[in-house]
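Participant: Have a look at this one before I ask anything.
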Amino acid sequence: MIIRRCSSFWALASILTSLEMCPVQAQDFSNTIIATVNGQAITQGEFLNRLQRLRAQDFIISLNPLAVRTESAGIIVLNALINERLIVQWATKTNQMPSEEEVNTALENLRRQPNVVQALTSGELTEEILRHEIRVQRAHFNIATTAISVTPAEVEAFYKRNIASFTQPERWTVAALRLTRPDNLAKIQADLKAGKSFTDVVKTYGEDEATRKNAGQTTVIAANNPVLPEEIRKAITAMKVGDVSAPIKIEYPLGANQTKVANWWIVRLVGKEPAKPIPFSEVKEQAERAAILEKAGGMKEADRKITTFRAQSVIKIMIPGYKSLENTPKSP
């Protein structure tokens, strides 16, 4: 099994801060069982599929200050799958699983979101994956908010009090060129100053096949995206639509000895959409759930229950290198 890093601009930008992963290159997506949780199997196919969908936020523990997980991608993924099994098992045992109607409603709401439509169209996500994630998240929420309710007035007050959370952030449409060596920076700047198009510059100086192939391709990203390197964020913030940045040098640690590797980025701002609040009517359900969760004190109660349940569960691991995730309940 090999984990390959993406070569596209924003995937590489994610790597700079948190090691975003690209599709796993593997031939065998079989039903081989690699772990069991109270007798319920986790297959090799599930494990590899989840590795394909690993994202920057899965490595981030805290944004302020920035802290990232030190475990391997495999440990993070298998541990997440084990926790999902435990959440569903506990919710089933305590009659707190969401109904199919709830799952269908949540799925339809998700299918209205442009990023979800794009992921479904590209094959990055499937309806089956979305249904599974909805069930797990709803079950986790139900465990955390047992017997908690809010009034319509409390929901609206929560929305107003947390309007920043219900505001679509400023979004930028950008194109970018990455260099691993500064050799061509002077030539690039000279070409741009002489009027050569950014697309042609990317085709000429792009260092990877994807960059050259997709020369000039634009990407939309939120200004507050946590995986966007701060150096690039500051540069774009000061730019006007149509501007091309000066070379932006970014250094990031590589390996346990923290050896730093430098990249240089040149970014073109294609478009800028200002931040705007989302109407209450469009996020009423989301606000209600958030208000209930706040009243319940967050997910800590659910996590406490699942931690206790995990200590009582039989977890077996069939692949080497992951035995630390096993558990055998202690005899009374």
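Participant: I'm trying to understand the selection: among the residues of the stretch 262-281, which are free of Cβ contacts under 8 Å to residues at least 12 places away in the same chain and not in a loop (DSSP other than H, G, I, E, B)?
Facilitator: Ser281
Participant: Also, quick follow-up: When Glu209 is evaluated against the numbered criteria (1) surrounded by fewer than 15 Cβ atoms within 10 Å (Cβ to Cβ); (2) modelled with pLDDT of 90 or more; (3) of a type in the set (Asp, Glu), which criterion, by number, is the only one it fails?
Facilitator: Failed condition: (2).
Participant: Looking only at helices (runs of 4 or more DSSP H) that lie completely in the stretch 72-183, which have at least 2 residues being β-branched (Val, Ile, Thr)?
Facilitator: Counting at least 2 such residues, we get 73-93, 100-110, 114-122, 127-144.
Participant: Considering every residue within the stretch 159-168, establish whether at least one is of a type in the set (A, V, I, L, M, F, W, C), modelled with pLDDT of 85 or more and touching a Ser or Thr at 6+ places or on another chain (Cβ under 8 Å).
Facilitator: no
Participant: Taking only the stretch 282-332 into account, find how many residues are of a type outside the set (S, T, N, Q) and not in a helix (DSSP H, G or I).
Facilitator: Final tally of qualifying residues: 16.
Participant: Looking only at the stretch 184-208, which residues are more than 22 Å from Ala238 (Cα to Cα) and either basic (Lys, Arg) or in a loop (DSSP other than H, G, I, E, B) (or both)?
Facilitator: Across the stretch 184-208, the qualifying residues are Asn184, Lys187, Ala194, Lys196, Lys203, Gly206, Glu207, Asp208.
Participant: Report, by residue number, each residue of the stretch 53-69 that is surrounded by fewer than 16 Cβ atoms within 10 Å (Cβ to Cβ) and either of a type in the set (Lys, Arg) or at pLDDT 70 or above (or both).
Facilitator: Arg55, Gln57, Ile61, Ala67, Val68, Arg69
The values are calculated or read from the model by the stated rules, or taken from the named source; none is laboratory data. Note that this is a predicted model, so its numbers are computed, not measured. Cβ atoms come from the backbone with ideal geometry, glycine included; neighbour counts cover every protein chain shown.
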